1. Among the residues that make up the range 263-282, is at least one of them of a type in the set (S, T, N, Q) and closer than 18 Å to Met143 by Cβ?
2. Check the range 295-306 and report whether any residue there is in the same structural domain as Asp118 (by TED's automatic domain parsing) and free of Cβ contacts under 8 Å to residues at least 40 places away in the same chain.
3. Please enumerate the residues belonging to the range 259-295 that are assigned to a loop (DSSP other than H, G, I, E, B) and either buried (at least 21 other Cβ atoms within 10 Å of the Cβ) or among the β-branched types (Val, Ile, Thr) (or both).
4. One residue is enough: does the range 324-332 have a residue meeting the conditions within 24 Å of Lys141 (Cα to Cα), among the charged types (D, E, K, R) and assigned to a helix (DSSP H, G or I)?
5. Tell me, which strands (runs of 3 or more DSSP E) wholly within the range 39-142 include 2 or more residues that are among the basic types (Lys, Arg) and either on the phi > 0 side of the Ramachandran plot or at pLDDT 95 or above (or both)?
6. Could you please find all residues in the range 96-118 being farther than 15 Å from Val31 by Cβ and surrounded by 18 or more Cβ atoms within 10 Å (Cβ to Cβ)?
7. Can you find a residue in the range 20-40 that is touching a residue at least 24 places away in the same chain (Cβ under 8 Å), more than 24 Å from Ser318 (Cα to Cα) and surrounded by 21 or more Cβ atoms within 10 Å (Cβ to Cβ)?
8. Is one or more of the residues making up the range 267-274 under 20 Å from Thr19 (Cα atoms), at pLDDT 95 or above and among the hydroxyl-bearing types (Ser, Thr, Tyr)?
Amino acid sequence: MAIKEYDVFVIGTGTAGKTVAFECAEKGMKVAIADNREFGGTCPNRGCDPKKVLVGVTEAVQLSENLKGNGIISVPKISWKHLQKFKSTFTDAVPASTEKKLKEAGIEMFHQSPKFLDENTLSVEGKTVKAKKIVIATGQKPMELKIPGREHLKVSDDFLELEELPESIVFVGAGYIGMEFAHIAARCGAKVTVIEFGDRPLGPFESDIVSHLTKASEEIGIKFIFNAKVSEVEKLQKNFRVSYEKNGKTESVVARMVFNTAGRVPSIDDLDLEKGNVAFEKRGISVNEFLQNTTNKSVYACGDVSASGALPLTPTSSQEARIVSLNIRNGNHTKMDFPPVPSVVFTIPQLASIGLTEEEAKEKGYDFVVEYKSVPKWFNAKRINDDVYAYKTIVDKKRNIVLGAHIIASEAGEMINLFVLAMCGKLTTENIKAMIFAYPTWGNDIKGMV
């Protein structure tokens, strides 16, 4: 059988992979793409999009809870079954729709994870293919916890597909995923316990702002066990016992279901990278400033799987894909240069962040001023009877520009985007205060934060 040859072979059909494939095909290049899972990638199939649908219903319940007795007579109940059915209207069509668009673009598809045979050769679906350029955009996968009984642990994919919500759940890990799912589960009626190795949730985020979220989480019934290392998961008759080490002692908690939300790692195990002379590290595929592999110049990487230093988020994946696409089509001329990138944790309330934390600003030696306030009496929180609203901003004293902004509020995710504009535009605090925003809106509040 003749060996098929391509200009570009993309591994992964998520945001990053699709973008490169479509742009290269549009310029007349012969392109193929492969994925060992449903086409479309994590975000629309089993990640941020379906999660946000689940969050939406809990937001309606929480708002009703806040306003009960102030115009709301009773708080609505959540039907998990109906919620999952609604969620599926967003996810069910994604794989077929993705494949249809790829076919229309003339991109050949493979439904298996390829393996490198040499620097420009892959084995996929029993075929040998060659490509001038190979793009690795395989994303990330749940990190395996190497403990006895790990086969009993469920992951985020399983949570999003639950037909019924168990009455009790343990989440191992209090990062983005653990915190978001814990809030969803607790508001849908489950008894939730979160076991975290560190001394608080959301380690990379501003600690003062996280403390408000920890308290708000406990008030809806979420139990935290901090400074604890999970050591074993044991199957009982109906439940699972999760053992953990804390303060030199072994303790345990019992629940109907246990989820591994301890973090994600690059999805590269099945690629035989060594055979392709592809350098990789703990964070993913090693890349230079052009997102080209450091050892195999025929290989590029973009999205969550690249060790570019960017946050593993959908918007940064799109940006990296654009860079890879340009460099493949035009030669290495476009360097990686990311603007400030916001992060949002879609709990209730939301926690949003951009730029430096106070600790990071100290480490970098900036001369800065910090403004940190809890402001539940501000109108936007007060009108919905929400008692959690706080912010911390870090401003450079010399230049009078924002170095970091951290917010906890019901609309923090939208508010942080205004700080993106301010930081990308290097607006001074005077510039921000001089702007006229619509009132009364959450966005208008940022003028009082600097």
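The values are calculated or read from the model by the stated rules, or taken from the named source; none is laboratory data. Note that the structure is a prediction, hence the values are computed from the model and not measured. All Cβ positions, even for glycine, are placed from backbone atoms using ideal geometry, and neighbour counts span all protein chains on display.
1. yes
2. Yes, because at least one residue in the range 295-306 is in the same structural domain as Asp118 (by TED's automatic domain parsing) and free of Cβ contacts under 8 Å to residues at least 40 places away in the same chain.
3. Answer for the range 259-295, where residues must be assigned to a loop (DSSP other than H, G, I, E, B) and either buried (at least 21 other Cβ atoms within 10 Å of the Cβ) or among the β-branched types (Val, Ile, Thr) (or both): Thr261, Ala262, Ser267, Ile268, Leu271, Val278, Leu291, Thr294, Thr295.
4. No.
5. 127-136
6. Ser113, Phe116
7. no
8. Scanning the range 267-274 turns up at least one residue that is under 20 Å from Thr19 (Cα atoms), at pLDDT 95 or above and among the hydroxyl-bearing types (Ser, Thr, Tyr).
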